[in-house]
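The values are calculated or read from the model by the stated rules, or taken from the named source; none is laboratory data. The model shown is predicted, which means the values in this text are computed figures rather than measured ones. Virtual Cβ from ideal backbone geometry, glycine too; neighbours counted across all protein chains shown. Remember, those area values only see protein heavy atoms, side chains included, never the ligands or the DNA or RNA. Shrake-Rupley method; radii C 1.70, N 1.55, O 1.52, S 1.80 Å.
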Amino acid sequence: MTASAPEATDTPTLRDFGGGPFGIYVHVPFCATRCGYCDFNTYTAGELGSSASPQSWLEALRGELAAAAATFDSLPSAQPPVSTVFVGGGTPSLLGGAGLSDVLDAVRAQFTLAPDAEVTTESNPESTSPEFFDRIRAAGYTRVSLGMQSAATHVLRILDRTHTPGRAVAAAREARAAGFGHINLDLIYGTPGESDADLDASLDAVLSAGVDHVSAYSLIVEDGTAMARKVRRGELPAPDEDTLAARYERIDARLSGAGLRWYEVSNWAATDSARCRHNIGYWDGGDWLGAGPGAHSHIGGVRWWNVKHPGRYADRVARGGLPAAGWEALTAAERYTERVMLGVRLRSGLPVAELDDEGRRACERIVADGLALVRDQRLVLTDRGRLLADGVVRELLS
């Protein structure tokens, strides 16, 4: 591995594009409040003070996008059109419809979007409205992902979420009325205090919203978060693995029964076109530019990550070049590991031919244990295997 030191000022040494789809991720680091379970690179206004603002962030974003476009112009292959844009965070909807329009304009100023580009923004239901959805749809956004988490008030309270239980469903309906054909609702399951009835109520709400995509993630208590401190002090119980498995099966049964099929372990879609193409680009090892504080990028086997704090990020952009804190050229072994880790989680499966000798022998054991099957020369997880996906990956890489 070749890596620069943290806070290096040199531009990552890029070789060329990898030949697959090219996406752009834009990280919006602002949140109104900090959720107790979240360890993302986000900041409240009180935490930032006068060191950064949405205005200074947008100006720095424009500078980074220009620097990235110039860097890509020097590569041997022509820069491919952008097939997906994903604005995440943080809480992008805090920028408002006008702010998100400015973000997409900044991307278009430096890059060519494909005619059928998927353009997604994450949104907190409480910071949306019919006017918001109308504005971003007119700006060119094609997909919205709404953070619902749960329909139970006490579960939202434990997660430190500020929206009311019914607001996510209302926001999904407003987005559909504005012309969005692809809408995702995010769920978190396994929160301390959540019951089967709470989860069922959340699933009832999701299905009543008529969305074509659902993401469901088990609660992970990350070190350094407020929730981790509460668990350590005994104020909250840690998530139980057996309960998480049972909840996952419950979610899958309800969503599958309603016509949403899993295509990645934590994601369900009503149709192939409803799948999140941007995330598929990650899982398939594609190329992407990550713009914004703390964002990660990957181009042709070279990965870099930006400085995290919005104020320091803006300072680095002002000095010219990419605001990278560090970078690495992935070795063949590292790329193989990532291919296995991500490919196994997909319904389309992992080509057996891509496994090394040890991996193919492990594949036989995994199939014999009923955790996967081989279909069209691809290793595909069974229902039981999905519950033990991390273990399958470890077996393949051991």
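Within the stretch 44-61, the set of residues being open to solvent by 40 Å² or more (accessible area, probe 1.4 Å), touching a helix residue (DSSP H, G or I) at 6+ places or on another chain (Cβ under 8 Å) and either free of Cβ contacts under 8 Å to residues at least 40 places away in the same chain or within 16 Å of residue 93 (Cα to Cα) (or both) comprises 54 only. Annotation for the stretch 290-302: no member residue is farther than 25 Å from residue 385 by Cβ, modelled with pLDDT of 95 or more and part of a helix (DSSP H, G or I). Which one is most open to solvent (accessible area, probe 1.4 Å), of the residues in the stretch 340-384 that are in a helix (DSSP H, G or I), within 13 Å of residue 265 (Cβ to Cβ) and in contact with a helix residue (DSSP H, G or I) (Cβ under 6 Å, 6 or more places away or on another chain)? Ranking the candidates gives 341 first.
Scanning the stretch 211-269 for residues that are in a helix (DSSP H, G or I), of a type outside the set (A, V, I, L, M) and crowded, with 19+ Cβ neighbours inside 10 Å gives 247, 248, 252, 254. Being open to solvent by 30 Å² or more (accessible area, probe 1.4 Å), assigned to a loop (DSSP other than H, G, I, E, B) and either within 29 Å of residue 239 (Cβ to Cβ) or touching a residue at least 40 places away in the same chain (Cβ under 8 Å) (or both), is that true of even one residue in the stretch 174-190? Yes - at least one qualifying residue is present in the stretch 174-190.
Screening the candidates 63, 96, 36, 89 for the property of being of a type outside the set (Val, Ile, Thr) and within 17 Å of the chain's Cα centre (by Cα) yields one hit, 89.
Here is a list of conditions, (1) open to solvent by 10 Å² or more (accessible area, probe 1.4 Å); (2) touching a helix residue (DSSP H, G or I) at 6+ places or on another chain (Cβ under 9 Å); (3) outside any helix (DSSP H, G or I); (4) within 27 Å of residue 26 (Cα to Cα), and residue 322 meets all of them except one; can you say which number that is? Of everything listed in (1) open to solvent by 10 Å² or more (accessible area, probe 1.4 Å); (2) touching a helix residue (DSSP H, G or I) at 6+ places or on another chain (Cβ under 9 Å); (3) outside any helix (DSSP H, G or I); (4) within 27 Å of residue 26 (Cα to Cα), residue 322 misses just condition (1).
So, residue 229, is that one at pLDDT below 95 and on the phi < 0 side of the Ramachandran plot or not? Answer is yes for this residue.
I'd like the residue in the stretch 295-354 that is aromatic (Phe, Trp, Tyr) and in contact (Cβ under 8 Å) with a residue 24 or more places away in the chain and, out of all such residues, is nearest to residue 283 (Cα to Cα). Among residues in the stretch 295-354 that are aromatic (Phe, Trp, Tyr) and in contact (Cβ under 8 Å) with a residue 24 or more places away in the chain, the one nearest to residue 283 (Cα to Cα) is 304.
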